[in-house]
Amino acid sequence: MVSDTYRREFLKGAGAATAVALAGCSGESGAGGGADGGGDGGTETTGGATAGGTASGTTTITFWPAWGGYYEETFNEMISRFESDHDITVEMSPQGSYTEAQQATFSAAKAGNAPDIAHLGKNSTIIARDTGYFEPIGDIMPDLDTSQYIGPAIGWSEVEDKLWSLPFNNSQILLYYNKNHFRDAGLDPESPPQTFQEVKEYSQTIVDEGVAEKGITWPNVAWWTMSWLSEQRQLLCDKKNGVAGEPTETYLASDAAEAMFDWWINDMSDLYHYPGKDDWGASETAFKEGVASMHMNSSGGLAYLLSGFRDKGIDVGVGRLPTPSTDHGGHSTGGAAVWVTDKDRSDAKQAAIRKFLQRMTGPELQALYFKNTGYFPSHKESITQLEEEGFFGDNPLYDTAFDQLQQWEQAPATQGIFMGTLPRTTDIIINQTDRMWQGKDVNTALNDMKSKADDLLESYERVSY
Amino acid sequence: MDVYQNRLQGAVLLLPTVVVCLAFFYWPAWETIRLSRVRTIGGIQKIPVGWEHFTTLATSGAFQYSVAMSFVFAFIVVAGSMLIALYLSYLINEVSAGQSIYLVAAIFTYALSFAVTANIMDVLFNPTVGLFAEVLTIATGAVGVDFAFDYTTNPLWAWIFATGSTMWKMVGYNVIFMVAALSGIPESINETARLDGVGSLQMIVRVYVPMISPTLAFLAIVNTVNAFFLPFPVVQEISGGPSNTLNIMIYDIWQSYNNSVIGLASAKSLVLFAIIGLLTAFQLLLSDRFAHYGGT
């Protein structure tokens, strides 16, 4: 017979299930705890880099770069050059991505073991400022001359006339194209398309000639929206993109936004390979595999992208970010900045931090970082150095990237976007773009985008300093 | 009669459990409730907002979607995995040779973690690099259908991918319990039914299901609770699917947490907590009425 043990087992089991449920709940949201199993969001306190001693007279400072991997070697090189000139040890603990770096730094700061120097994506500017975990660079280095940094780099660091961070790595969107495909399609491999209209024409030719399935591909990432708005001199939100105060409204349903989305979704619908949302890898693979003949990606990947594409036998060319017209307002700079956490430190340590920051954002190491990665240097002097070395002559593809940088114009639209909700706003942009690719009307989607983003702004409250 | 020699011994033996419960359950739970009533920026700045987060959530269309989709997701994976498991268990119970091989083949997914499951599935079916995705495209191409299992751009495929992966993972657990329960059914009942000429389907529906109903009721509860939490890695693997179509509560909470909106994330997790609590109570009540435990 089916016995009473079943009932006991059953009740025991149900009890366990409830416990699992409860544990799941609290684990997910408990104070500063990591996201639960499987998520990669909760890698706080990676590495035990919290030494702070001055044991043998050496000062130790901690630095958490946003990523290692391909970039780790360069970070090591930069740090060892710095260390060889000073009696300072830098303990580095690379994180996995901008999101993880933010998450890890905030969690560690909350638990009281933050690194001395954090490396945060530029989109996190306001949220980092508002946490109260950081000390403005302007207070740490009051005599720092910010005019030594180039405009597109320093832009993101100053909010409401206060210098919060220092630009470390800076990027822009570039067009990578397959010269073999261009030749096969009868296009001039030395003149990539510069405007939306040209991208469409080139893509049409490529598809018509049967060279590739699609003309072009790039990931659905909000940076494109940000860049194409700034190129059209369109602000993304009021209060001069938030640099002058807390914004209350976004301009995601503006004519400029409509122009770019209408081209992307409607004009390019059959010529563009859609790789899905937020998927850099899928877009890169599509270009590598010859599905599309052109691909847009960050200049920060210049070094490894070029070698990856060449390994695949692609004769790769680099062009500027194509824009709605030849009138360029300037791109929206990507990349990340270095921040100093707010802690009680010895004078020796504080001095070590100042030295480290100056060196890392200084001419020599910024030039090195540019060469090894493609992230353009923050320091004006680096550019002179590179020119004197003849680096651009030897590396014409880096030169293209640089020409685009030179066309940058100082204006509120190009100096950064200062919304505390920016990481979430970019999610909204990405998801609504996704909806457009599923068939949602561009105008409706843009209006939804704007109203959702505006609702978010309303829920945010900027901290006043 | 007394299990312990004296009260002190009992207290000392219980202490570790009490400490663990306090540290890892009651304290975080209390913290969650506290955090749900503040607005947080990063973590240091806390502005008390009372019940504002809950009223925001009550009127938020996005959150309502998220709650509704959590139920839809849970229903699909619980019903799906239990039906598949029931049929597999029946077959395993029937087969005479190589039973243990079939059993292992059916339950090995239980040994995988959900994170690994998510990874394996994405590697196999990824529209860009997936092996099975390619095979599917070739196979459908051979019969003249232009098909791509592209769950990165098509919401329907994203749902099929996520629920399918979750079911694949959950079936193993269900089979373990069901096979055990089926093997507990006396042979005489099998024999009687067979002599009466009862077919396979009839056998499952009319004989086996009622006989193992306590097990099924238990599984229904455990599966439902799990279905609200465990699919997280699968959904996260595909970033919530195209246009966040798979924005189930657990993923939504994680995203809020990731965006450092801790207060709102805490409020959301309390809502999830309440839903799971009510659901479990409801199912216990219901199963008490319908599950057959034998005896009187």
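The values are calculated or read from the model by the stated rules, or taken from the named source; none is laboratory data. Source: prediction; values computed, not measured. Glycine also receives a Cβ, built like all others from the backbone with ideal geometry; neighbour counts cover every protein chain displayed. For accessibility, only protein heavy atoms count, side chains too; no ligands or nucleic acids. Shrake-Rupley method; radii C 1.70, N 1.55, O 1.52, S 1.80 Å.
Diffusion coefficient (Stokes-Einstein, Kirkwood radius over C-alpha pairs, 25 °C, 0.890 mPa s) for the protein assembly as shown: 85 µm²/s, rounded to a whole number.
With 30 Å² as the minimum drop in accessible area between chain alone and full protein complex (1.4 Å probe), the qualifying residues in the range B:216-234 are B:PHE218, B:VAL225, B:PHE229, B:PHE232. One Cα centroid belongs to the range A:421-465, the other to the range B:123-158; the line between them spans 30 Å.
Only DSSP H runs of four or more residues enter the estimate; each adds -39500 (n - 2.57), and after division by the residues of the protein assembly as shown the mean residue ellipticity at 222 nm equals -17000 deg cm²/dmol. Amide H contacts of A:GLY334 (H built 1.01 Å from N, in plane; Pro and chain starts excluded): A:SER171, A:GLN172 sit under 5 Å, all sequence-distant by 5 or more or on other chains.
A DSSP coil position with no more than 12 other Cβ atoms inside 10 Å describes none of the trypsin sites (Lys or Arg not before Pro) in the range B:29-81. Put +1 on the Cβ of each Lys and Arg and -1 on the Cβ of each Asp and Glu in the protein assembly as shown; which of A:HIS328, B:THR109, A:TRP164 then has its Cα farthest toward the positive end of the dipole? Ranked along the dipole, the leading option is B:THR109.
Placing dummy labels 7 Å off each Cα toward the beta-carbon, the span from A:ASP441 to B:PHE108 is 5.3 nm. Assuming R0 = 35 Å, what is the FRET efficiency of B:ALA97 and B:ALA142, from their Cβ-Cβ distance, to the nearest 0.05? According to the calculation, E is roughly 0.50. Look at where the Cα atoms of the range B:163-234 and of the range A:311-325 average out, and the two centres are 57 Å apart.
Roughly how large is the A-B contact in terms of buried accessible area, totalled over both chains, probe 1.4 Å, nearest 100 Å²?
Interface area, both chains combined: 4800 Å², rounded to the nearest 100.
Comparing A:THR89, A:LEU422, B:LEU88 along the charge dipole axis of the protein assembly as shown, the residue lying farthest to the positive side is B:LEU88, per the Cβ-charge model.
Go through A:VAL207, B:SER100, A:GLY317 and say which Cα lies farthest out towards the positive end of the charge dipole of the protein assembly as shown; charges sit on Cβ, +1 for Lys and Arg, -1 for Asp and Glu. Among A:VAL207, B:SER100, A:GLY317, the one farthest towards the positive end of the dipole of the protein assembly as shown is B:SER100.
Amide H to amide H distances under 5 Å link A:GLU91 with A:ILE61, A:THR62, A:PHE63, where only residues 5 or more positions off or on other chains count and H is placed in the peptide plane. Taken about its Cα centre, the protein assembly as shown carries a charge dipole of roughly 2780 debye when the Cβ of each Lys and Arg holds +1 and the Cβ of each Asp and Glu holds -1.
A simple rule links phi to the HN-Hα coupling: the Karplus curve 6.51 cos²θ - 1.76 cosθ + 1.60 with θ = phi - 60°, which for the range A:333-342 gives 5, x, x, 8, 10, 9, 10, 10, 6, 8 Hz, with x for Gly and Pro. Using all C-alpha to C-alpha distances in the range A:263-384, build P(r) with 5 Å bins and read off the rounded percent in each one. P(r) for the range A:263-384, in whole percents per bin: 2, 8, 13, 16, 15, 14, 11, 8, 6, 4, 2, 1, 0. Once the 1.4 Å probe is applied to the protein heavy atoms, the range A:314-465 comes out at 37 Å² accessible per residue.
Rolling a 1.4 Å probe over the protein heavy atoms leaves A:TYR304 with an accessible area of roughly 80 Å².
Spin-label model, A:SER84/B:PHE54: points 7 Å from Cα along the beta carbon direction are separated by 6.3 nm. Counting protein heavy atoms only, chain A has 44 percent of its accessible area on carbon and sulfur, 1.4 angstrom probe. If only the Cβ of Lys and Arg carry +1 and only the Cβ of Asp and Glu carry -1, the dipole of chain B around its Cα centre is close to 860 debye.
Of the accessible area of the range B:55-290, computed with a 1.4 Å probe over protein heavy atoms only, carbon and sulfur atoms account for 70 percent.
Per-residue Karplus couplings for the range B:153-165, computed as 6.51 cos²θ - 1.76 cosθ + 1.60 with θ equal to phi - 60°, are listed in order as 10, 10, x, 4, 5, 4, 5, 5, 4, 5, 5, x, 4 Hz, Gly and Pro entered as x. Each listed q (0.09, 0.14, 0.18, 0.20 Å⁻¹) maps to a log10 I(q)/I(0) for the range B:150-296, found by the Debye formula over equal Cα scatterers with no solvent: -0.43, -0.84, -1.08, -1.19.
If you take the Cα Rg of the range A:379-432 and divide it by 2.2 N^0.38 Å, with N the number of residues, what do you get? If you can, show how the numbers build up before the last one.
On the way: Rg = 16.8 Å, N = 54, 2.2 N^0.38 = 10.0 Å.
Rg over 2.2 N^0.38 Å, computed on Cα atoms: 1.68.
Within the range A:344-465, the percentage of alpha carbon pairs spaced more than 19 angstrom apart rounds to 69%.
3J(HN,Hα) along the range A:282-290: 5, 5, 4, 5, 4, 5, 4, 7, x Hz, from the Karplus curve 6.51 cos²θ - 1.76 cosθ + 1.60 with θ = phi - 60°, whole Hz, x for Gly and Pro. Mind giving me the FRET efficiency for B:ILE185 and B:LEU83? R0 is 22 Å, r the Cβ-Cβ distance, nearest 0.05 is fine. Approximately 0.70, to the nearest 0.05. With the highest mean first, a sort of the peptides A:411-422, A:264-275 on other beta-carbon atoms found within 10 angstrom per residue produces A:411-422, A:264-275. Here the label points at A:THR248 and B:PHE282, each 7 Å from Cα along the C-beta direction, are separated by 4.2 nm in the simple model.
Across chain A, the mean sequence separation of Cα contacts (distance under 8 Å, 6 or more residues apart), normalised by length, yields a relative contact order of 22 percent. Amide H contacts under 5 Å for A:THR217: A:HIS273, A:MET294, A:HIS295, A:MET296, restricted to partners 5 or more places along the chain or on a different chain, H placed in the peptide plane at 1.01 Å from N. One chain, two ends: A:TYR304 and A:GLN197. Fully extended at 0.36 nm per residue, the span grows by 35.6 nm beyond their Cα-Cα distance. For the cross-link pairs A:LYS110/A:LYS452; A:LYS200/A:LYS312; A:LYS122/A:LYS371; A:LYS162/A:LYS277; A:LYS240/B:LYS46; A:LYS110/A:LYS277, the ones whose C-alpha atoms lie over 23 Å apart are A:LYS110/A:LYS452; A:LYS200/A:LYS312; A:LYS162/A:LYS277; A:LYS240/B:LYS46; A:LYS110/A:LYS277.
By the equivalent-ellipsoid construction on the alpha carbon gyration tensor, the range B:55-290 comes out with semi-axes of 35, 26, 14 Å, ordered largest to smallest. Note that chain B presents 50 Å² accessible area per residue, ligands and nucleic acids not counted, probe 1.4 Å. Between the range A:356-409 and the range A:171-223, the alpha-carbon centres lie 27 Å apart. Counting 0.36 nm for each residue step from A:ASP238 to A:ALA411 and taking away their Cα separation leaves a gain of 60.9 nm.
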